[in-house]
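Peer 1: Structure below; questions to follow.
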Amino acid sequence: MKEKRKKIFIAIPNLGCVAPQLSLNLISWTHDPRYIVFVSMPEDIFPLDAARNTCVKEFLERDDDYLWFIDSDIIPPIEALHRLVSADKDIIGATCFSMRAEDRAYFPYPVTLRYNEEGKYIVYYGSGTEQVDATGGACVLFKRKVFESIERPYEFLYYPDGTLRLTCDFYVFQKLEKAGFKLFIDFDLLCDHQKRVSIKGIQDLLSMLQNCPTPQEFLNSV
């Protein structure tokens with residue numbers, strides 16, 4: 001008997017200028033004979049938690065099996081769809097990088113976090129597919145049952161004085177952990193993140209790295 005094709009709901013909640021290569025990948029994924037793919041690009045919904053919750057609501061009103069969040073400036077590898085689905089995890093993300101500035105040096109780091117002994121998030125460099133405590137929302141695949149189990153998944157968390165404590169993309173994983181779900185990252189599945197950066201800042205980084213043999217040692221030093 002022929003296996004039933006999985007239905008994938010791809011959501012791009014922060015619609016701006018979609019990276020050209022992402023557009024090409026979307027076309028390829030919608031024509032992949034192994035899957036039935038629907039793409040949602042809600043417009044003019046702010047802030048980000050409202051946009052993500054709108055995508056979740058639309059997803060649950062359909063009969064799709066997976067919700068795959070991809071940010072508009074993220075380019076997952078073309079094999080990402082099949083690889084993430086084949087991992088058969090409730091929640092799994094690809095490795096996405098952001099930029100951090102320290103002492104005028106700009107450097108990329110993976111938005112993959114684990115708790116340290118003090119219960120605070122620190123950047124974690126893994127290999128293969130490993131469990132982590134949080135990641136950004138840039139490229140994460142969720143099984144349907146995850147969002148069926150929780151109301152209002154995305155919201156920003158604030159301190160009593162009104163300053164931001166956690167973004168909605170981090171806070172959702174704390175909620176899901178309490179609900180019994182585990183987050184995994186495929187550290188061998190690397191996404192491109194198209195951003196404007198300082199070239200001189202990167203040159204300053206290269207100079208600083210001469211004294212730090214590993215990325216983790218560099219992060220610990222700044």
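Peer 1: When region 1-33 is examined, which residues are found to be within 16 Å of Ala80 (Cα to Cα), out of contact with any strand residue (DSSP E or B) (no Cβ under 8 Å at 6 or more places or on another chain) and not hydroxyl-bearing (Ser, Thr, Tyr)?
Peer 2: Hits for region 1-33 are Leu24, Ile27, His31, Asp32, Pro33.
Peer 1: OK, next. Among the residues of region 67-76, is any within 30 Å of Ser207 (Cα to Cα) and among the charged types (D, E, K, R)?
Peer 2: Checked against the condition, which is being within 30 Å of Ser207 (Cα to Cα) and among the charged types (D, E, K, R), region 67-76 yields at least one hit.
Peer 1: Looking only at region 174-197, filter to residues that are over 22 Å from Leu22 (Cβ atoms) and in contact (Cβ under 8 Å) with a residue 60 or more places away in the chain; which one of those is most open to solvent (accessible area, probe 1.4 Å)?
Peer 2: Lys182
Peer 1: Step by step: first the residues of region 39-53, then only those that are open to solvent by 30 Å² or more (accessible area, probe 1.4 Å) and touching a strand residue (DSSP E or B) at 6+ places or on another chain (Cβ under 9 Å), then the one that is nearest to Lys143 (Cα to Cα). Which residue is that?
Peer 2: Residue satisfying both the conditions and the ranking: Val39.
Peer 1: (1) at pLDDT 95 or above; (2) out of contact with any Phe, Trp or Tyr (no Cβ under 8 Å at 6 or more places or on another chain); (3) among the hydrophobic types (A, V, I, L, M, F, W, C); (4) more than 20 Å from Glu151 (Cα to Cα): which one isn't true of Phe38, the others all being true?
Peer 2: (2)
Peer 1: Let me ask you something else. Does any residue of region 63-75 turn out to be over 19 Å from the mean Cα position of the chain (by Cα) and farther than 19 Å from Gly136 by Cα?
Peer 2: Yes, there is a match, as at least one residue in region 63-75 is over 19 Å from the mean Cα position of the chain (by Cα) and farther than 19 Å from Gly136 by Cα.
Peer 1: With respect to the numbered conditions (1) touching a strand residue (DSSP E or B) at 6+ places or on another chain (Cβ under 9 Å); (2) open to solvent by 60 Å² or more (accessible area, probe 1.4 Å); (3) over 24 Å from Ser28 (Cβ atoms); (4) touching a residue at least 40 places away in the same chain (Cβ under 8 Å), which one is the sole condition not fulfilled by Glu148?
Peer 2: The single condition Glu148 does not satisfy is (1).
Peer 1: Could you pull out the residue among Lys57, Lys89 that is open to solvent by 50 Å² or more (accessible area, probe 1.4 Å), within 22 Å of Tyr125 (Cα to Cα) and at pLDDT 95 or above?
Peer 2: Only one candidate passes the filter, namely Lys89.
Peer 1: Kindly indicate which of Tyr159, Tyr171, Tyr154 is at pLDDT 95 or above and loosely packed, with under 15 Cβ neighbours inside 10 Å.
Peer 2: Tyr159
Peer 1: Oh, and also: Among the residues of region 1-23, write down those that are assigned to a helix (DSSP H, G or I) and in contact (Cβ under 8 Å) with a residue 24 or more places away in the chain.
Peer 2: Scanning region 1-23 gives Gln21, Leu22.
Peer 1: Looking at (1) more than 20 Å from Leu183 (Cβ to Cβ); (2) crowded, with 20+ Cβ neighbours inside 10 Å; (3) not aromatic (Phe, Trp, Tyr), which is the only condition Ile36 fails?
Peer 2: Every condition holds for Ile36 apart from (2).
Peer 1: Here's another thing I want to ask about it. Among the residues that make up region 24-41, is at least one of them assigned to a strand (DSSP E or B) and hydroxyl-bearing (Ser, Thr, Tyr)?
Peer 2: There is at least one residue in region 24-41 that is assigned to a strand (DSSP E or B) and hydroxyl-bearing (Ser, Thr, Tyr).
Peer 1: Please work out which one of (1) under 12 Å from the mean Cα position of the chain (by Cα); (2) at pLDDT below 95 is the condition Phe142 fails and give its number.
Peer 2: Going through the list (1) under 12 Å from the mean Cα position of the chain (by Cα); (2) at pLDDT below 95, Phe142 breaks only (2).
Peer 1: Would you point out the residue of region 101-120, among those that are more than 16 Å from the chain's Cα centre (by Cα) and surrounded by 15 or more Cβ atoms within 10 Å (Cβ to Cβ), that is modelled with the highest pLDDT?
Peer 2: Only one residue fits best here, namely Phe107.
The values are calculated or read from the model by the stated rules, or taken from the named source; none is laboratory data. Quick caveat, the model's predicted, so the values are computed rather than measured. No Cβ is skipped: glycine too gets one built from the backbone with ideal geometry, and neighbour counts run over all protein chains shown. Keep in mind that these areas ignore ligands, DNA and RNA; they rest on the heavy atoms of the full protein, side chains included. Shrake-Rupley method; radii C 1.70, N 1.55, O 1.52, S 1.80 Å.
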